[in-house]
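The structure appears right after this line, and notes come after that.
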Amino acid sequence: MHDLLEEMGCEIVRQECMKEPGKRSRLWRYEDVCHVLNHNTATEAVESIIVRWPHSNNVVELNMAFVKMTELRLLRVHSYYLPAKHPMVDENQYEDLKFLSGKLSCLFWPNCPLKFLSSKFNPENLVDLDMQYSRVEHLWKGTKPLEKLKVINLKGSQLEETPDFTKARNLEKLILDGCTSLSEVHPSIWALEKLVLLDLSWCYRLQTISSISCMKSLETLNLSFCSNIEKFPEILEVREKLSKLCLRGTSMKELPRSINNLTGLVTLNLECCRELEMLPSSIVQLKSLKFLCLSGCSKLEAFPKNVENMEGLKELCLDETSVRELCPSIFFLQNLERLSLEQCTKLHSIPSSIHMRSLRNLNLSGCSNLERFPEIPEVMENLSELYVDGTGIAELPSSIKNFTGLVTLNMKGCKRFKVLPSSIHMRSLQALNLSGCSNLMNFPMILEVMENLSELHLDWFVYSTKFEKPTELDSFLDSTTSNNLTEHEGYIHDHRTFTIQHLQQLPHVSGIAIKELPSVIYNLTGIVTLTLRYSKGFKSLTSRICQLKSLNYLSLSGCTEFEVFPDIVENMERLASLDLDETSIRELPQSIERLQGLVSLNLKNCKNLVYLPDSICNLLSLEWLTLSGCSKLSKLPEDLLYLKRLDVKGTGKKQRYFSTLGELAQFRSAEPLIDIAGSSMSTRRRWLMGESSRAIVPSAQGSRLSTLGDSVQSQSTVLLSVMLDEENEAMAVGETLSNLEESSYKEEEEKALAASRRGGRIWGCCICGARGNED
């Protein structure tokens, strides 16, 4: 309905003057606007222009463009952005406007090429001015009637000075973010009583700001990364409406003591104020403050004491400061939800009074001098995330059991950490990371079922003593993995056999020094993912792997001593992806056909692989087969009917890969995959254009093959291009083309390259050769 109404409205406007668009009240078609401006056919009938204007065709005589448009009220020009140094941009090709209608109420022209608006422009009716990322340096000279003006957005423009805003009494938003040429602002700005938003961020040439005492309506003041501003003015009167003050990246050494007059302040951001040395004690009187960020204030050594009045504070960030300790009065911040002291390398203690009832996230990551975590005397049911990774903590207190709502505990890289308390059995714990805790001697008995634990990270974990009794490890695994443990990383010992029903994922048993999979693993009947990537000593896998009925992904990538893939004695319908790349297998068993759900088989760089069984053709779900780098493989089964991608770069015989491609011509995909990775642009072009190559053309209705010179029987015929390998004269099969005309080649090449840039998945067959020569 909306489209119909729009079309009807457009037709009504066209009927105003069918032959001459300059006599219509509204213009929106680029062609019509170009005609009016280039032929000077505009009339006073034009009231509105809304047009998308490609910059490449933007060169028109703008200086006289609007002289006859005396009734123009709306001007919206959407033009494409080009940087000032772009070769298509000549900064001197546009002259100033001679005239701009005084009735104009909305001027929207981002990326405008003009440096100045008309000196005769009377903005008495202007309400909204948006010229962000434009080349405008000056708006107008002198004092202008600006009573109706409410919004100015010159973000990213080349503005050098602001106009006199004395008469802009109703201005509400002034956005000058990123005006890097602006060195000062007109003093009248600081007297705008109705201004709500003032954004001067990234105006790094600004050096001073005046008092904001007269800005009674101001709610947001952003001076972020005005790196030359060293001092914030005193707040002489109480300002209740200013709620957000951003001073990130400034050079301020201190805040004024009168900061407490900002009684409505909710957010104070002082991030990366690297010269800030102290906070005024009056800051603790900001009762409305909810978010205080001091991260990156590297010279700040202390946080104020007696914070009782900061009852509204919810988030306190002190990352990368020089704070040495927190005062006990932090307990009074009972509404604090997040406390972050990440990388506070001088922090040596935190008080036991840190048990604020609302605290959800406590981050002490990288506090390398923090050696002790305090006893927590009371239950903290809301604390869900505790990060103490990279600290000097040697042990956790037994009172950690009071963190009854803890979901994530990260102790990664705590090299001095030795003992986990047995009280670690929090029911809510989902993720426990002990990676790199090289001094951890043992794992505690788990006295209660940890029914929600889903991630256990033990990589780089080395036991200094083994479990004294097999039942200790069994107890731990029974109490965790039997209740939906989805990840288990780390060192595996071959303990006695036991059954765990619901383990879903064992993804990163990577790089471990085991020769065979512990028998216990075969009883993890709920496992979904099993990887032993780059376990160099791993040699064998038994047929018991078939017991893992839920297994979806199996990776033995990089297990260079793995030589024999076991017989599949039972159907494994859920195994969809099998990675055997960079192993030493010589062949796959005939029973591979029992992997009926297999979609992807990766045998890349299996240098010893010489044979693929014909039974692989019975894998009706197999779509991706990767054989690149299998240099001894010289034969491929003929009946791979369901493949959608075949990658055999660097395989096989010297003259041709295979004696026949057989039924590969009957691939179901209508859009074969284009995979020319490793070829230079010149090689791709010769390949696509058919130079120095043969072509195999499988018919869409049959398996007949023809050469490039053969006639093409149907528009739906699929053309597969073949390129000779310089080293071993192998072939490469790839591109889909609908005909043999040069224009079609170019079109398809562009599509291929565009698809490659998008990283999209285009189904098909690719049998690629080696790298081509670089031009």
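Here are the numbers for the structure shown:
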{"read-out": "Label-point separation, THR180 to GLN590 (7 Å along Cα→Cβ), nm", "value": "7.1"}
{"read-out": "The stretch 13-206: Rg to Rh, with Rh as the Kirkwood radius over Cα pairs", "value": "0.98"}
{"read-out": "Calculated FRET efficiency for the pair SER358/ARG544, C-beta based, R₀ 45 Å, to 0.05", "value": "0.35"}
{"read-out": "Spacing of the two label points (7 Å from each Cα toward its C-beta) at SER298 and LEU641, in nm", "value": "6.8"}
{"read-out": "Pairwise label distance in nanometres, SER322 with SER25, each label 7 Å out on the Cα-Cβ vector", "value": "6.9"}
{"read-out": "Quotient of C-alpha Rg and 2.2 N^0.38 Å, computed over the stretch 141-246", "value": "1.00"}
{"read-out": "P(r) histogram, all alpha-carbon pairs of the stretch 205-273 included - 5 Å bins from 0, percent", "value": "4, 18, 29, 29, 17, 4"}
{"read-out": "For a label point 7 Å along the Cα-to-beta-carbon line of ASN335, residues of the stretch 253-278 with backbone N under 19 Å", "value": "260-269"}
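Throughout, read-outs are computed from the coordinates displayed, never taken from laboratory work. All values reported here derive from a predicted model rather than from experimental measurement. We place every Cβ from the backbone using ideal geometry, glycine too, and count neighbours over all the protein chains shown.
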